[in-house]
Structures are given as C-alpha cells and as structure tokens.
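The block underneath contains the structure these notes are about, expressed in structure tokens.
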Amino acid sequence: MIQFAELKIDALLVSALPNIRYLSGFTGSHGLLLVTPESQTLFTDPRYTIQASQECSSKVKTVAKGPLELAAVEMIRRARFKRIGFESTRLIYDSYQRLKQALPLAASLKPIGPVIEKLRMIKSPEEIARIRRSVLTNSEAFESTVRSIRPGVSEMAIAAELEFKMRRLGAEKAAFETIVAAGPRTALPHAQPTQQKATVNELLLIDMGSCQNGYMSDMTRMLFLGRPSQKIRSMYRAVLNAQLAAIDTVRAGVTAGQVDGKARQVLESEGLAKQFVHSTGHGLGLEIHEPPRLGKKDPTRLEAGMVITIEPGAYIRDFGGIRIEDTVLVTKNGCEVLTTTSKELMLL
Ligand code: ZN
Ligand code: ZN
C-alpha cells in the first residue's frame, strides 16, 4: 500500500516500467501510471491498446499524439490534484521538465524516493512461485549445458548455448548478459564473454540468470577443466565457507550488513578480505538488482518473503577469481536456498 497521507501527496506518477508492471500488470515498454488513493490510470500509446486492456487491472488511456506526461497532466488538472509525487530516482530529466511546464500553477511536483521498490522487497506467494520456477529453469539450463564443455570452446559459445537452453526451457530471456569467463579472466567479476577459449587446467566462471514470467534468478558456479592446484582448491573452499556461513546467518530480523559482515569475516580469516571487492548480494524479482543491497554496514533488516542472492567472491589479478552465488528466500526462522545446483567445484 502506498502511504499517500504519510508521503503528503495526492497522486503518484510512476514512471519506472518494473514498478508500473508491479502495480498494474502492464508489461509494455512505454507507459506512465497515475496512482491515487482511489484509482490507477495507465497512459500508453496505440501500439499497446490491446495488450494493456488484456493485462491491466487499472483504467487505460491510449495517447495517440504527444507525450504521455501531457495526458497525465490533463487528468491531474481535471481532478484538481495539488501535490504530485514522482519517482526521483527513476524519472528522466526531460520528462520532469515536460511535467513541470504543463502542470497548473497550483500543483507542485514532489520527489518521492524508491517507495514502490520498498513494497516490492517483500514477495507475494505468487511472486515466490515465479522466482522458484525461474531458478529451476536456470539450473536446468546450466546442468544440461556444462557437462558438454570441452577445451577449445569459447566463452561466447558457452554463453550462447546457456541462453538458448534457458529459452527452450521456458524463460523469456536471460536476466542479464550471461557472464562466462575463462582462466585469468575469472578475476573480472563482471567479465563479458569473449572469443577466449576454455583451456585445460584453468578456472571457468559462469554467472547466469533466467527471466521467466517476468521474474529473475541468479546463480554463479565454478568449473575446472582438469585437476585444480592446491591454491585453487583452498581458495574455492574459503569462498564456499564464506557463502555457507553467510547463508547460515540469513533470517528475518538480521540486518543486510550482518550477513555481509559474516561473509567478510570468513574471507578475512583466510587472508582474502582485500580480494572480496563487491557486496555479498542483492534483492531480485522483476529486476535483477533490487533492494535490499547486502553491503557493508547496510542497516536494512531482512524480512520473511524477501528474495536475495548470496554471492561472496575472491579475485586475484593475473591468476583468477572464484564466486559462488545462490538465490535465497528469507523466512521467519532462517532461509530457503532456492538454487538446487551442487556447489562443489565442478571438474570436467
Ligand atoms: Zn549473478
Ligand atoms: Zn547477483
């Protein structure tokens, strides 16, 4: 529920597409949603007339000519709304300017932070079911692909195969650009796949997610073609221990910072604190990165129904990196790891 009184607004203009989808069901690529305590109106263009009428619970206004903002302002003027909230982290500047110029003098624009994103942090049973499905599709695509990886296959070819498989299994698309990194390139946490080939006695990192029925999944697994050295085995063990320890701390009431702190503490005891260069995880749902962020000292308290990733990693330049990532559902007394794929270093 949007707290209009608390926010001191009469209406909220929602411009972020994932937020529009969350509130109205509309999945198109062009829309603006005007929400009041009594009603919702979606503004979109004629390409989406049929689709919006099929998808939306709210009223739909098709705007044949001119910017959607002007049609929204027309409705604001007629309803005599005074205080109009807008998504300050999401509305583009040009759009803001159009609104500002068209609004009657008596009305004002009020920046509202990520209120819808906060509502979205707690998933409904229906959303959890969709994420669960997305996670399973992702794991199935991974497991049916990786066994056939042989030395000489390029990162790009592996990424293409993984994305093809997930779509054959029911995903609409990949949740993000699939990360496949071979050898020393595994030290780049967000490596983009290249023509680099997987070679014998080197690490291979795969970070992939599916988007199914609009909902994301996210998983990272490590593979090794050949026999890993002692250094790689112990580094792998350290990251896995950090990941398991962090998962162990997850439950309703714990802060995001505490979970991050646990992963950091384990890696520090292994001498890998400086090699862990990102946060421990993030929320996911209609978007791949959503609040909460599981960063250092983040005060957000986890609540039952949040879906987050737990993904500590360690990266050494010119050597390689290791990350292990699961999608996890926060529950009252702990959590449920939704990802079913084995976390052992996969030897090929
Ligand atoms: Zn990931
Ligand atoms: Zn992630």
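The values are calculated or read from the model by the stated rules, or taken from the named source; none is laboratory data. This one's a predicted model, so the numbers in the text were calculated from it and none came from an experiment. For neighbour counting, all protein chains shown are included, and Cβ atoms are generated from backbone atoms with ideal geometry for every residue, glycine included.
What's the total number of residues in segment 123-175 that are of a type in the set (A, V, I, L, M) and under 16 Å from M216 (Cβ atoms)?
Final tally of qualifying residues: 12.
Counting only residues that are assigned to a strand (DSSP E or B) and within 12 Å of ligand 2 (Cβ to nearest atom), which one in segment 326-348 is surrounded by the fewest Cβ atoms within 10 Å (Cβ to Cβ)?
Taking the candidates together, the pick is V328.
Look through segment 304-321, keep the residues that are of a type outside the set (K, R), more than 16 Å from ligand 1 (Cβ to nearest atom) and farther than 28 Å from I20 by Cβ, and return whichever of them is surrounded by the fewest Cβ atoms within 10 Å (Cβ to Cβ).
D318
Only one residue in A107, A171, A181, A159 is touching a Cys at 6+ places or on another chain (Cβ under 8 Å), at pLDDT 95 or above and either within 30 Å of A71 (Cβ to Cβ) or in the same structural domain as A304 (by TED's automatic domain parsing) (or both). Which one?
Of A107, A171, A181, A159, the one residue that is touching a Cys at 6+ places or on another chain (Cβ under 8 Å), at pLDDT 95 or above and either within 30 Å of A71 (Cβ to Cβ) or in the same structural domain as A304 (by TED's automatic domain parsing) (or both) is A171.
Condition first: in contact with a Pro (Cβ under 9 Å, 6 or more places away or on another chain) and within 16 Å of ligand 2 (Cβ to nearest atom). Now tell me which residues in segment 300-314 satisfy that.
Once the filter is applied, which keeps residues that are in contact with a Pro (Cβ under 9 Å, 6 or more places away or on another chain) and within 16 Å of ligand 2 (Cβ to nearest atom), segment 300-314 yields M306, I308, G313.
Could you list, in sequence order, the residues of segment 288-298 that are in contact (Cβ under 8 Å) with a residue 40 or more places away in the chain, surrounded by fewer than 18 Cβ atoms within 10 Å (Cβ to Cβ) and within 16 Å of ligand 1 (Cβ to nearest atom)?
Once the filter is applied, which keeps residues that are in contact (Cβ under 8 Å) with a residue 40 or more places away in the chain, surrounded by fewer than 18 Cβ atoms within 10 Å (Cβ to Cβ) and within 16 Å of ligand 1 (Cβ to nearest atom), segment 288-298 yields only I288.
Any residue at all in segment 338-347 that's of a type in the set (G, A, S) and within 16 Å of ligand 1 (Cβ to nearest atom)?
Checked segment 338-347: no residue is of a type in the set (G, A, S) and within 16 Å of ligand 1 (Cβ to nearest atom).
When you check R301 against the structure, is it under 16 Å from V259 (Cβ atoms) and surrounded by fewer than 21 Cβ atoms within 10 Å (Cβ to Cβ), yes or no?
So R301 passes the test.
It is to be established whether one or more residues within segment 264-275 are under 19 Å from A238 (Cβ atoms) and within 16 Å of ligand 1 (Cβ to nearest atom).
For segment 264-275, residues under 19 Å from A238 (Cβ atoms) and within 16 Å of ligand 1 (Cβ to nearest atom): absent.
Does G321 satisfy being more than 13 Å from ligand 2 (Cβ to nearest atom), touching a strand residue (DSSP E or B) at 6+ places or on another chain (Cβ under 8 Å) and closer than 21 Å to A191 by Cβ?
yes
Going residue by residue through segment 242-260, is there one that turns out to be in contact with a helix residue (DSSP H, G or I) (Cβ under 7 Å, 6 or more places away or on another chain), in contact (Cβ under 8 Å) with a residue 40 or more places away in the chain, more than 16 Å from ligand 2 (Cβ to nearest atom) and outside the structural domain of P18 (by TED's automatic domain parsing)?
Scanning segment 242-260, I find no residue that is in contact with a helix residue (DSSP H, G or I) (Cβ under 7 Å, 6 or more places away or on another chain), in contact (Cβ under 8 Å) with a residue 40 or more places away in the chain, more than 16 Å from ligand 2 (Cβ to nearest atom) and outside the structural domain of P18 (by TED's automatic domain parsing), so the answer is no.
In segment 106-137, which residues are part of a strand (DSSP E or B) and either touching a Leu at 6+ places or on another chain (Cβ under 7 Å) or at positive phi (or both)?
L109, I112
Just give me the residues in segment 186-203 being buried (at least 16 other Cβ atoms within 10 Å of the Cβ), touching a residue at least 60 places away in the same chain (Cβ under 8 Å) and away from ligand 1 (no atom under 11 Å from the Cβ), in sequence order.
T186, A187, E202, L203
Output yes when any residue across segment 211-222 is more than 30 Å from Q258 (Cβ to Cβ), of a type in the set (F, W, Y) and touching a residue at least 12 places away in the same chain (Cβ under 8 Å), and no when none is.
Looking for residues that are more than 30 Å from Q258 (Cβ to Cβ), of a type in the set (F, W, Y) and touching a residue at least 12 places away in the same chain (Cβ under 8 Å), one finds none in segment 211-222, hence no.
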